[in-house]
Amino acid sequence: MRTYLLFLFYALLCMACSYSQDNKASDPVADTQAEKDFQEPHRPQFHFTPPSMWMNDPNGMVYLNGEYHLFYQHYPDSTVWGPMHWGHAVSKDLIHWEHLPIALYPDSLGYIFSGSAVADVNNTSGLGTQENPPLVAIYTYHDAQGAKAGRNDYQTQGIAFSVDHGRSWEKYTENPVLKNPGIQDFRDPKVFWHEDSKQWVMILAVADHVELYGAPDLKQWRKLSEFGKNHGAHGGVWECPDLFPMKVEGQDTEKWVMLLSINPGGLHGGSATQYFIGDFDGKTFTTDQPADSTLWIDYGKDNYAGVTWSNVPDNDGRRIFMGWMSNWQYANVVPTSPWRSAMTIPRVLTLGETAQGLRVFSQPVKELEVIRGETTELKKQDISESINITEQLSFPVTTSELVLTFEGINSSQDFGVEFSNAQGQKLRIGYQHGEQKFYVDRSAAGKQDFSADFAGIHTAPRMVSSNTVKMHILTDVASVELFADDGSVVITDIFFPEEDFNQLTLYSEGGAVQLASGSVTALQSIWKETGTVQNDK
Ligand code: FRU
């Protein structure tokens, strides 16, 4: 609620000064040289960021004709949240992005909140033709004036369509396509085609549960079922759901996975994304998961509102996920300018057995290889104290990938890697075998006075029991993503050192551990000198 009061405050402020409902908001432009080069302090070099101004949730992720579309919650007039638009970018490889003009502007029905996009290949909506079927975006209208007036029906669902591969968008004239039944939080539609029941299915976040709707044509939605009032975490509002089938690795079994973001009430405070594993019969989602057990897609503090791409071709078959790398506790005040927020690296989700039962695994997409530069192999060695390995590398560790395998584990050890700078600021990514916990410790990683909720150590329980501990780490100027034990545990955290981390140290406390194998690889910037983004491999 607090977050939404804050939203409302910003919204009113912006309406009072600069907001207008025509298409006045500027398209992505770079003014200063630093902006052109995407070289400002804390600017990620291989993660997606908007050219400038505010960004939150990824939206409308859909693959079409060799392009991955990424839309995103965007306020082009400020670096804080405000009247929401859909920003837009495309990529051929999920790594290099080309920024495109804003796709959807607020209109008389409201701001354009989160939602999804589908390729309506059979033109069920009639918004394109059989020969040229449309892309259809399904999103939430947020009527800020209705909210201000204390109404409870100010969020409705609308659609827009494009018949030129997402380059221009037209709103459907009969919007909204799904009215509000009198519930304040009624938003973030994710739509998919369900072949068995031959209908479009929409999953919608409704305060403390989700609702499923079905439609033959993306326009006439009727309610199918509800799920979740008595399942999972309920410390805040449910937002940004997703629902999709997955094969269990190495088996023929198919299960359905539901992603569900929650704010506040996340694992470490503020925002986080939980998931459920179950079955879906075209009408109802069911799960055997104990009602009070909560599974988290990420154990860090900075992966929110993540959903998956639709229309990825069957011969690819991947379930590709991307989240917003921030947290509503401090997203509006992190020390970056003239842009705010980055997305996670795109990740492939799989479903696998662990010592704890079925779990969703995440791994960075293989396309990351297009930006891999030089690699330094680390020698097999015992680590009984801190070993600074920076001198072995001929490239900066600021944007790099580490793949480390540790053996000789015992319960007194606490080991991992530390990034640091000359000012004594440091970030630790490690594992404590006594507690069977991975962690990212950003408590001394630099700037933190912008929010009392920022500094801290974020831990994750280990999912597999093995004498080998694996850490796959991506670090990009101001973020770290740990994929531990083949992606069974993920921790995503952002950080803001006063100067970039340029030292890399291996450490073990409480006894020696063996580094069985290790490599450090330079990851190259995706930005061109001109500030546009390379979209050719
Ligand atoms: C999640 C969210 C969504 C909403 C959007 C507004 O971060 O609160 O529920 O649609 O952001 O920008």
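Just so it is clear, none of the values below were taken in a lab; they were calculated from the coordinates. Bear in mind that the values here come from a model prediction, so they are computed numbers and not experimental data. A quick note on method: Cβ atoms are made from the backbone with ideal geometry, for glycine too, and the neighbour counts reach across all protein chains shown.
Just for segment 125-159: of the residues that are more than 17 Å from PRO58 (Cβ to Cβ) and buried (at least 24 other Cβ atoms within 10 Å of the Cβ), which one is nearest to the ligand (Cβ to nearest atom)? Working first, answer last.
Our first condition is that a residue be more than 17 Å from PRO58 (Cβ to Cβ); within segment 125-159, this holds for 125-134, 136, 141-159.
Okay, now just the ones that are also buried (at least 24 other Cβ atoms within 10 Å of the Cβ), so 134, 136, 141, 155, 157-159.
Values: PRO134: 23, VAL136: 18, TYR141: 10, GLN155: 8, GLN157: 11, GLY158: 13, ILE159: 15 Å.
Within segment 125-159, the match that is nearest to the ligand (Cβ to nearest atom) is GLN155.
Let's see how each residue does on (1) in contact (Cβ under 8 Å) with a residue 24 or more places away in the chain; (2) crowded, with 23+ Cβ neighbours inside 10 Å; (3) within 15 Å of the ligand (Cβ to nearest atom):
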position: GLU98; (1), (2), (3): yes, no, no
position: LEU109; (1), (2), (3): yes, no, yes
position: ALA119; (1), (2), (3): yes, no, no
position: ASN123; (1), (2), (3): no, no, no
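Yes/no matrix, rows are residues, columns are (1) crowded, with 24+ Cβ neighbours inside 10 Å; (2) within 16 Å of the ligand (Cβ to nearest atom); (3) assigned to a strand (DSSP E or B):
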residue: THR273; (1), (2), (3): yes, yes, yes
residue: GLY278; (1), (2), (3): no, no, yes
residue: LYS283; (1), (2), (3): no, no, no
residue: GLN289; (1), (2), (3): no, no, no
residue: ASP292; (1), (2), (3): no, no, no
residue: LYS301; (1), (2), (3): yes, yes, no
residue: GLY306; (1), (2), (3): yes, yes, yes
residue: PRO313; (1), (2), (3): no, no, no
residue: ILE320; (1), (2), (3): no, no, yes
Residue list for segment 460-478, restricted to those being surrounded by 22 or more Cβ atoms within 10 Å (Cβ to Cβ) and among the polar types (S, T, N, Q): THR475
Take the residues of segment 75-96 that are surrounded by fewer than 23 Cβ atoms within 10 Å (Cβ to Cβ) and among the hydroxyl-bearing types (Ser, Thr, Tyr): which is farthest from the ligand (Cβ to nearest atom)? SER91
Tabulated pairs, segment 387-402, first part of a loop (DSSP other than H, G, I, E, B), second of a type in the set (Asp, Glu), C-beta under 6 angstrom, 6+ apart or interchain: PHE395/GLU374; THR398/ASP500
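Return the residues of segment 251-267 that are in a loop (DSSP other than H, G, I, E, B), more than 16 Å from GLY306 (Cβ to Cβ) and touching a residue at least 12 places away in the same chain (Cβ under 8 Å); say none if nothing qualifies.
Let us first name the residues in segment 251-267 that are in a loop (DSSP other than H, G, I, E, B), namely 251-253, 264-267.
Next, only the ones that are more than 16 Å from GLY306 (Cβ to Cβ) stay: 251-253, 264-265.
Passing the criteria: PRO264, GLY265.
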If we scan segment 146-155, do we find a residue that is farther than 27 Å from VAL237 by Cα and among the aromatic types (Phe, Trp, Tyr)? no
Test: residue in segment 223-242 that is within 16 Å of the ligand (Cβ to nearest atom) and over 23 Å from the mean Cα position of the chain (by Cα): no
Report, by residue number, each residue of segment 158-206 that is charged (D, E, K, R) and part of a strand (DSSP E or B). GLU170, LYS171, ARG187, ASP188, LYS190
Of everything in segment 160-193, what is more than 16 Å from the ligand (Cβ to nearest atom) and more than 19 Å from TYR105 (Cβ to Cβ)? Give them in sequence order. HIS165, LYS179, PRO181, GLY182, PHE192, TRP193
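Counting residues that are closer than 21 Å to ARG347 by Cβ, which strands (runs of 3 or more DSSP E) fully inside segment 437-537 reach at least 3?
Numbers: elements: 437-444, 457-461, 469-476, 479-484, 489-494, 503-509, 513-523.
Hits in segment 437-537: 437-444, 457-461, 469-476, 479-484, 489-494, 513-523.
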